[in-house]
Amino acid sequence: MKKIFSIVLLLASAVFVFTGCEDRAELTAPAVPSTGTASFARYVAVGNSLTAGYQSGSLYESAQKYSYANLIANQVGTTFAFPNVGEPGTRGRLEVQTLSPFVSYANTGSGALLNATYPKPYNNLGVPGALIYDFLNAYDSLSCFSSVFGGSPNPMFNLVLRNQGGAKTTQWLQTKAQQPTFVTFWLGSNDILGHAASGGTVPYTPVATFTGLYNQAMDSLKSLGCPVVVGNILDVTVAAYFTTVGGQLQQQGVTAVWGIRGTGDTIPLALSKNLLTLTASGELAAGKGLSKSNPISNRYILDSAEIVGVKTVIAQYNTVIKTAADSRNFGHVDVAALLGKIALAYFTSGGYVVDGVKFTPVFVTGNLFSLDGVHPTSQAHAVVANEFIKTINEKYNAKISMINVGSIPASLIFKQMPSGSIVPNYTPEMFKHILF
């Protein structure tokens, strides 16, 4: 058992390229397509880390330019400014140090905001860590939800919103100031993801509160008089952040570990029914989980009851989103269904293939999630962008071309694929800068 929990894996010799820095494709804008009754002259994207193009725990230019929002803008040939962060990005980017054994680390360096003096609000107003509350209320690191209600200031609001000249402008006010002709809105994931990622130890936004805040946001956007397309909330329990560690242990013949449930009980937790976070690997490596006297901490476990709770809340959030969009004649993108298709394809046929690229929820090698196990790779962003484009084409009689996913560089490339599975060596310290 101690050997199993050492979390050391020898891989075949391989050459790894972290292609946040390598661009294998030119994003040459196609001929301007027919956008039907929609105009992208002033396109604004509102959201959180998913919209920002955050990958592997960081914002950095070579990932940001492949955000689904920037890819949409490229397809329609419009100007689209984002807060361009130079290498190595915002502090804490997860990178691979060695493959044999697999060792990752958090880069302690940080890059500069290369277009800090851009004279207008950015078109991409995705703020990593933003909750639905923040759209109308947060104008800096101290006024955001995580600071006001949790005592944790989020510097990403300062980076994205900037508030030049001492102004106090929120995502909403910066959206409105641009007099947008088209808006995409994908907020709400963090209202439940923080709860799940913490093993249920951090509260989620109550559904009634979410409903009120989301409808306020939709009413605000409706007042702009332009087309709006919204995305719904993903089933976070499918993400590699939750499925990797337990899955690896099961492959090694381990069926249960000792852990502390949300109820406070210390019991053997069946890995087929309970989820361990990526950061649980640190405790496993230290020998925890082998006995009742040395269990895995509650904050690294999403137990079976908590999984049901998370899925229930997500379903309720998504009902709120669909109802709000339909009642205001906004476009609605069922991104949750897309992730469900990918997960189902993995279990039934080995993967979800788009333009020759196979996607699975598997950590690192599945092409779907970046090194933090939650945020999409560049190619996955292209798949998401195509879902938005499908909705735009259908709702607004547009003829925007789909993105060739195979033309987008992979965020992680192995010139020789490893012969075995990859086990993370993550610790909570490595994740302290990550914003979901």
Pairs, first touching a residue at least 40 places away in the same chain (Cβ under 8 Å) in the stretch 77-97, second among the β-branched types (Val, Ile, Thr), C-beta under 7 Å, six or more apart: GLY77/VAL32; PRO83/VAL160; ARG91/THR108; GLY92/ILE434
Count of the stretch 254-271 residues which are loosely packed, with under 15 Cβ neighbours inside 10 Å and in contact with a helix residue (DSSP H, G or I) (Cβ under 7 Å, 6 or more places away or on another chain): 0
Considering only residues that are surrounded by fewer than 19 Cβ atoms within 10 Å (Cβ to Cβ), of a type in the set (A, V, I, L, M) and over 22 Å from MET156 (Cβ atoms), which ones fall in the stretch 64-98? VAL96
Flag for GLN164 being of a type outside the set (Gly, Ala, Ser), within 20 Å of PHE80 (Cβ to Cβ) and free of Cβ contacts under 8 Å to residues at least 40 places away in the same chain: yes
Counted residues in the stretch 228-263 being under 13 Å from the mean Cα position of the chain (by Cα) and either in a loop (DSSP other than H, G, I, E, B) or free of Cβ contacts under 8 Å to residues at least 24 places away in the same chain (or both) come to 5
How many residues are part of a loop (DSSP other than H, G, I, E, B), crowded, with 16+ Cβ neighbours inside 10 Å and at pLDDT 95 or above if we restrict to the stretch 279-304? 6
If we only count strands (runs of 3 or more DSSP E) wholly inside the stretch 52-156, which ones have 2 or more residues that are within 19 Å of the chain's Cα centre (by Cα) and not small (Gly, Ala, Ser)? 94-99, 124-126
Just the residues that are assigned to a loop (DSSP other than H, G, I, E, B) and either closer than 23 Å to ASN318 by Cβ or among the basic types (Lys, Arg) (or both), please, taken from the stretch 167-198. LYS168, LEU187, GLY188, SER189, SER198
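Yes/no per residue for (1) in contact with a His (Cβ under 7 Å, 6 or more places away or on another chain); (2) aliphatic (A, V, I, L, M); (3) more than 25 Å from VAL230 (Cβ to Cβ):
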| residue | (1), (2), (3) |
| --- | --- |
| ILE342 | no, yes, no |
| SER349 | no, no, yes |
| VAL357 | no, yes, yes |
| GLN379 | no, no, no |
| VAL383 | no, yes, no |
| ASN386 | no, no, no |
| LYS390 | no, no, no |
| ILE403 | no, yes, no |
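The values are calculated or read from the model by the stated rules, or taken from the named source; none is laboratory data. This is a predicted model, so every value here is computed, not measured. Don't worry about glycine lacking a Cβ; one is built from the backbone with ideal geometry, like all the others, and counts go over all protein chains shown.
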